[in-house]
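The values are calculated or read from the model by the stated rules, or taken from the named source; none is laboratory data. Quick caveat: nothing in here was measured; it's all calculated off a predicted structure. Please note: Cβ atoms are built from the backbone with ideal geometry, for glycine as well, and neighbour counts cover all protein chains shown.
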Amino acid sequence: MRITFWGVRGSIPTPGPETATVGGNTSCVEVRAGNLLLVFDGGTGLRLLGKSLLKSMPITAHLFFSHVHWDHIQGFPFFDPAFVPGNVIHLYGGNNVSRTLEETLAGQMDHPSFPVHLSEMGAKMHFHDVIEGQPLELDAGDGTEAIITTARGNHPNGVWAYRVDHGGHSVMYATDTEHYAVVDPQLLKLAKGVDVLVYDSQYTPEEYAGTNGGMPKLGWGHSTFDEAVKLAKTAGAKKLVLYHHDPTQNDVAVADKERRARELFASCEAAREGLIIEL
Ligand SMILES: [Zn+2]
Ligand SMILES: [Zn+2]
């Protein structure tokens, strides 16, 4: 498997010289498993992934949404392959509150917010509801199979965490989730023995508690690097990737977060745009 990070920021894009090393694009991670192209979230990083795919048209992509907050869907109207006839895009997500994934993705492209409607995009799109407890098996096109399993996280309006197992390797994508007093039993189960755990590490413990001068962030649906370490260690994860950095954290702050996390768990890295992990 090959994991590529296209957008690692939470909440809102943060361009500028202060964030140039880590990157300012919002959530998007590409996972290659055999011949499969799996994409986790469609934040603004998805635009860059789309550009990189243009040289390999036609494509079939499987796009998994953790949830439909802006920072996870805003790149979709700028995903070039979605406009190219002949491409096939499978979209997976929760049937959130009152709207389906399709209605939400189309909604952000409704007049007057966007000039082109989802129904005018040229690629063939197939929408799928994520169903709890039902693993998805995808033919990897090389005689192997990838298994995608899910768990619910803890976030306003709900969120899905995904795990991919392929060829004896595994990666878990768990963003936008807030820890409990005990390690989240559902995420723990999903993370058991995983090779790479990508986890919401939006805050430092001080930012989360509000002891650094800001507001406390309890109930906002995000976690901290030390809670990420707790989950990684308890689950026996081999590597931890700190993900969904807070927009207030510049490159220096993310590096410091990474340094502190490494003191607790050596096999740890802060996600940055362009990071590639091969398994
Ligand atoms: Zn988010
Ligand atoms: Zn969110």
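Looking at segment 35-53 only, could you name the residues that are away from ligand 1 (no atom under 16 Å from the Cβ) and either at pLDDT below 95 or closer than 25 Å to GLU145 by Cβ (or both)?
ASN35, LEU36, LEU37, LEU38, LEU49, LEU53
Just to check your reading of the model, which residue among GLY24, GLY50, GLY45, GLY16 is loosely packed, with under 15 Cβ neighbours inside 10 Å and closer than 26 Å to ARG272 by Cβ? Full working, then the answer.
Details: GLY24 fails: loosely packed, with under 15 Cβ neighbours inside 10 Å; GLY50 fails: loosely packed, with under 15 Cβ neighbours inside 10 Å; GLY45 fails: loosely packed, with under 15 Cβ neighbours inside 10 Å.
Unique residue meeting the criteria: GLY16.
Return yes when LEU91 is within 17 Å of VAL39 (Cα to Cα), of a type in the set (A, V, I, L, M, F, W, C), modelled with pLDDT of 95 or more and not in a loop (DSSP other than H, G, I, E, B) and no when it is not.
Spelling it out, LEU91 is indeed within 17 Å of VAL39 (Cα to Cα), of a type in the set (A, V, I, L, M, F, W, C), modelled with pLDDT of 95 or more and not in a loop (DSSP other than H, G, I, E, B).
Return only the number of the condition from (1) under 30 Å from ASP142 (Cα atoms); (2) within 16 Å of ligand 1 (Cβ to nearest atom); (3) in a helix (DSSP H, G or I) that ASP71 does not satisfy.
That leaves (1) as the condition not met.
Would you confirm whether or not segment 106-115 contains a residue that is among the aromatic types (Phe, Trp, Tyr), more than 21 Å from ALA271 (Cβ to Cβ) and away from ligand 2 (no atom under 16 Å from the Cβ)?
To start, the set of residues in segment 106-115 that are among the aromatic types (Phe, Trp, Tyr) comprises 114.
Filter once more, keeping what is more than 21 Å from ALA271 (Cβ to Cβ): 114.
With away from ligand 2 (no atom under 16 Å from the Cβ) added as a condition, the list becomes 114.
Yes, because at least one residue in segment 106-115 is among the aromatic types (Phe, Trp, Tyr), more than 21 Å from ALA271 (Cβ to Cβ) and away from ligand 2 (no atom under 16 Å from the Cβ).
So is LEU37 more than 16 Å from ligand 2 (Cβ to nearest atom), in a strand (DSSP E or B) and more than 14 Å from the chain's Cα centre (by Cα) or not?
yes
Would you tally the residues in segment 86-129 being among the hydroxyl-bearing types (Ser, Thr, Tyr), surrounded by 12 or more Cβ atoms within 10 Å (Cβ to Cβ) and touching a helix residue (DSSP H, G or I) at 6+ places or on another chain (Cβ under 9 Å)?
1
Are any residues in segment 108-139 under 16 Å from TYR162 (Cβ atoms) and in a loop (DSSP other than H, G, I, E, B), and if so, which ones?
First pass over segment 108-139, keeping only residues under 16 Å from TYR162 (Cβ atoms): 128-138.
Residues satisfying the conditions are VAL130, ILE131, GLU132, GLY133, GLN134, PRO135.
Find all pairs meeting these conditions: Cβ atoms under 8 angstrom apart; at least six residues apart or on different chains; first residue within segment 35-61 and among the polar types (S, T, N, Q); second residue assigned to a strand (DSSP E or B) and within 16 Å of ligand 1 (Cβ to nearest atom).
Short answer, once both residue conditions are applied: THR44/GLY7; THR44/THR26; THR44/CYS28.
Conditions (1) at pLDDT below 95; (2) closer than 20 Å to VAL29 by Cα; (3) away from ligand 2 (no atom under 16 Å from the Cβ), marked per residue:
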| site | (1), (2), (3) |
| --- | --- |
| GLU132 | yes, no, yes |
| ILE148 | no, yes, yes |
| HIS155 | no, yes, no |
| GLY158 | yes, yes, no |
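Looking only at segment 130-182, count how many residues are hydrophobic (A, V, I, L, M, F, W, C) and either under 30 Å from PRO85 (Cα atoms) or surrounded by fewer than 18 Cβ atoms within 10 Å (Cβ to Cβ) (or both).
12
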